[in-house]
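J.: Below: one structure in C-alpha cells.
The values are calculated or read from the model by the stated rules, or taken from the named source; none is laboratory data. Note that the coordinates shown come from a computational prediction; the quantities given were computed from them, not determined experimentally. As a convention, Cβ positions derive from the backbone with ideal geometry for all residues, glycine included, and neighbour counts pool all protein chains shown. Heavy atoms of the whole protein, side chains included, go into the accessibility calculation; ligands, DNA and RNA do not. Shrake-Rupley method; radii C 1.70, N 1.55, O 1.52, S 1.80 Å.
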Amino acid sequence: MLKKFFSNLCMATFLLFVVSSRACAAEVVIVLDAPIGTFSEPEKVHELIENSLENILGDYRSYEIVPPSETENYVQLYREEHDMIFSTGAEENKQTEYYLKKADVDNICTHFRGKHLIYIRFTSTAPRYVIGHGLLYTSQKTNVVMDFRVWSSRKKDFTYMRRLTAKGSSTAVLDVFPSTSRSLQKGLKKILREIEDDEIKIRVALTE
C-alpha cells in the first residue's frame, strides 16, 4: 500500500512539474532589434509596434507573449558576447551592420523557451534636407527599412518573412527645423500598415 502511495505521489509530482513547465514557457517571443539612437522617441516606436501586433493577433492571441521590453537587454548582451554590435553610422554617412543569423534567432528563442519568435528589425538612412521657395520651408526625408519575420522553433526556420522600405518626411516653415522623429515615425506607420495587411499570413506562420 505504501509503495503504491509513493508511486502515485511521484506521478503527481511529475505531472505538476510538466504542467508548471508548460505554464511558464512562453509561446511567442518578440524581439525589436534596432540600433541605439535610430529613433529619438523609442517609447513611441514601442507603442506603435504593440498596437500593430494587437491588430494582427487580436482575440486570436491565446498564448503567452514575451514583449520586446523584456527581450531588449538580453539581445543587447547577446550581441556584445558574440561581437555583433552594430550601428547605422548615419553621422559618418556610412553603415555597418551585423545581422542575427538563424542560429542566433534560434538561441534567443530557446533562451526564452518560446515556440515562435517575432523578429522586427529597423534601420534608417541619414536624413536628407530640401529647401524650397527661397527658404520659406525646409523638408526632411528619410527611408525606414524593416525586416519582419516569424521564427518556428520546431521547424528551425522562418515561417514568414517580409522586408519593407518606406519614406518618411517632415516639413517646417521659415527658420524652424523639421523633425527627424516625426519623419521616422511617418515612415514606420506606412510600413506597419502594410504588415497589418498580412494578418492572416502571420497568424498561420505562428501555428507552424
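J.: How do 157, 197 rank by accessible surface area computed with a 1.4 Å probe, from largest to smallest?
T.: 197, 157
J.: From the cross-link list 44/156; 156/201; 102/141, which pairs have alpha carbons spaced over 24 Å apart?
T.: 44/156; 102/141
J.: If you don't mind, there's one more thing I want to ask. Could you report the accessible area of residue 80 in Å², rounded to 10, computed with a 1.4 Å probe on the protein chains as they sit in the structure?
T.: Per-residue accessible area (residue 80): approximately 90 Å².
J.: So, in nm, how far is label residue 201 from label residue 103 when the simple model puts each one 7 Å beyond its Cα toward the Cβ?
T.: Roughly 2.9 nm, to one decimal.
J.: Once you list every other residue whose beta carbon is under 9 Å from the beta carbon of residue 55, what net charge do they have if Lys and Arg are +1 and Asp and Glu are -1?
T.: Net charge around residue 55: -3.
J.: Tell me the net charge near residue 164. Cut-off is 9 Å between Cβ atoms, residue 164 excluded, with +1 for each Lys or Arg and -1 for each Asp or Glu.
T.: Surrounding charge for residue 164 is +1.
J.: Something else about it: Give me the accessible area of residue 82, 1.4 Å probe, in Å² rounded to the nearest 10.
T.: Around 90 Å² of this residue is reachable by solvent.
J.: Whenever you get a sec, line up 158, 122 from highest to lowest accessible area (probe 1.4 Å, protein heavy atoms).
T.: Solvent-accessible surface, decreasing: 158, 122.
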